[in-house]
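The values are calculated or read from the model by the stated rules, or taken from the named source; none is laboratory data. Only a predicted model underlies this, so the values are computations on that prediction, with no experimental measurement involved. Virtual Cβ from ideal backbone geometry, glycine too; neighbours counted across all protein chains shown. Only protein heavy atoms, including side chains, enter the accessible area calculation; ligands, DNA and RNA are left aside. Shrake-Rupley method; radii C 1.70, N 1.55, O 1.52, S 1.80 Å.
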Amino acid sequence: MDGTGGHPQAESSGADEAAEPALDRPLPEGVRHRVVTIAADAFGGLTLAELPSPLRPYARFTPSRRAKFAATALATALETDPAFRQKIAARLRESEPELAEALEAGTPPPAADPLDVAAAAYLLRPAGWAKIVATAGEEAQRALAERADGETTRELQHLRDELADFQLQARDEAARGRGELEAARKEIDTTQRRLRSAVSDMKRAEAALRKVETELEEVRAAAAADKAAAENEARRLRTRVTEAEAALEAGRRSVREGRSAEGVRLRLLLDTVLDAATGLRRELALPPRDTMGVRPADTVEAVAPGTISPKDIAQRALSENDPALLDQLLALPQAHLVIDGYNVTKTGYPSLPLEKQRLRLLGGLAVLAAQSGAEVTCVFDGADLDAPVLLAPPRGVRVMFSKAGETADELIRRLVRAEPPGRVVVVVSADREVADGVAKAGARPVASTLLLKRLARG
């Protein structure tokens, strides 16, 4: 070893490589594959700087993936980059020292795999390496050819065995086919006999059918004659029934005429009595019975009860938040309950969607209407609706939406003004302005919480 640290064998190999001619033909495929495999295993121990630039992307690959995806790049680098090839050769010397020493001594091991010998000679480049590679490649080709011949011979023998089996099966199939053909012939003979028997049976059946058809025609002729006789008898009977009905009607007419004479006599007698009574009423100057202004009970002196109004309900000992107050108001005759819908729902359950708010309120109002018998109208604000609300009002509850440009408060005021003076109208709203307005119009305002308590009570 000199001062540069170079390997004496590497220097002698470089000198021999310069003196030795290159290969005059491409590497045999088997040798090339073995060289690429050795290089893929060896260059994993090199640093990234020691690798040629085309091979650096494969530095992190496993040896098998490098041999698969970088085969062309490895072969090219080994052929064109002596420094990289010498690094791979150095790795080979470390892993296969005996094979490397034998090749450099010019005595390849006779028992070694020719592909291993050729790949090592290609990487180490000892004296006469081109001849070693060519010889090893030829030996590998001969071994491959011998294996191919052996496989061909085995395949030929296999084909011969299959042909013998096929011939044996063909003979068996032919024998089985002849047996099946004979059975088919027998089956055909049996079928023909059955067919002839069936044809004979069909002819007998046709003869029997013709006989039955003849008998059927005779029966039809007899039935037609019987039908004609029956129709004649029916006409005779209908004539007799008509005569009997005429006689019966004549008897009934005579009875009615006798009864009519009795009825006329009774009617004359009744009219006489009524005329006499009418004359007597006129003589006494009695008023008609339905127009009597004073009855006997009206002449008895007593204190008459006063009529009750919605304002009198408020004077009773009930709190403004007591649900019984609403029951007393609805118990008045012809009471009309008007509800500001969204005002009530947003007071009682504001977290629900508007649709569910409406359904919950209308369900409670339906129960209240059925219990009280009062007229119930629920008003919702429809000014901001893009389309009509699809809603089936419950039984006993009128549902109304305000028109475009109109609020629910305005619609409630119009409903109150439409009622005749004196009718009990109860308006449910927490809006102070609505309450004051309907109170001026004669309605009785109640708070939304009062209705919610009443509905919660059920």
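General observations
- Computed over segment 320-446, the alpha-carbon pair-distance distribution with 5 angstrom bins reads 2, 11, 21, 25, 23, 13, 5, 1, each value a whole percent.
- Taking all protein chains as they are arranged and a probe of 1.4 Å, the heavy atoms of Tyr58 leave approximately 50 Å² accessible to solvent.
- Extension gain (nm, one decimal) between Gln169 and Arg65, 0.36 nm per residue minus Cα-Cα: 32.5 nm
- For Asp113, solvent-accessible area (1.4 Å; no DNA, RNA or ligand), Å²: 60 Å²
- With every protein chain in place, segment 41-144: carbon and sulfur % of accessible area (1.4 Å): 55 percent
- Hydrodynamic estimate: the Kirkwood radius of segment 96-164 over Cα pairs, inserted into Stokes-Einstein at 10 °C and 1.306 mPa s, corresponds to D of 117 µm²/s.
- For segment 74-228, the solvent-accessible area of protein heavy atoms averages 70 Å² per residue (probe radius 1.4 Å; ligands and nucleic acids excluded).
- Multiplying the residue separation of Arg235 and Val212 by 0.36 nm and removing their Cα-Cα distance gives an extension gain of 4.9 nm.
- Globularity ratio of segment 31-109, using Cα Rg and 2.2 N^0.38 Å: 1.09
- Heavy-atom accessible area, probed at 1.4 angstrom with all protein chains present, ranks Glu94, Glu410 as Glu94, Glu410, highest first.
- Solvent-accessible surface ranking, highest first, for His33, His336 at 1.4 angstrom: His33, His336
- Maximal additional length on extending the Asp322-Ile188 stretch stands at 37.8 nm, based on 0.36 nm per residue less the C-alpha distance.
- Cross-link reach list, lysines versus Lys211, counting only Cα pairs under 18 Å and skipping chain neighbours closer than eight places: Lys203
- 3J(HN,Hα) along segment 41-58, derived from phi through the Karplus expression 6.51 cos²θ - 1.76 cosθ + 1.60 where θ = phi - 60°, amounts to 6, 7, 7, x, x, 8, 6, 5, 6, 7, 8, x, 4, x, 9, 5, x, 9 Hz, with x in place of Gly and Pro.
- Reachable lysines from Lys346, criterion Cα separation under 30 angstrom, eight or more residues apart if same chain: Lys311, Lys356, Lys403, Lys440, Lys453
- Largest to smallest in accessible area, the residues Phe401, Phe84 fall in the order Phe401, Phe84 (1.4 Å probe, all protein chains included).
- Count Lys and Arg as plus one, Asp and Glu as minus one, and take only other residues whose Cβ is under 13 Å from that of Lys227; the net charge is then -1.
- Leu390/Val367 FRET efficiency (R0 22 Å; Cβ-Cβ; nearest 0.05): 0.45
- Two-site FRET efficiency, Glu146 against Leu181, from Cβ-Cβ distance with R₀ of 51 Å, rounded to 0.05: 0.50
- The lysines within cross-link reach of Lys131, meaning a Cα-to-Cα straight distance under 30 Å and a gap of 8 or more places when in the same chain, are Lys68, Lys87.
- Pairwise label distance in nanometres, Leu280 with Glu406, each label 7 Å out on the Cα-Cβ vector: 6.3 nm
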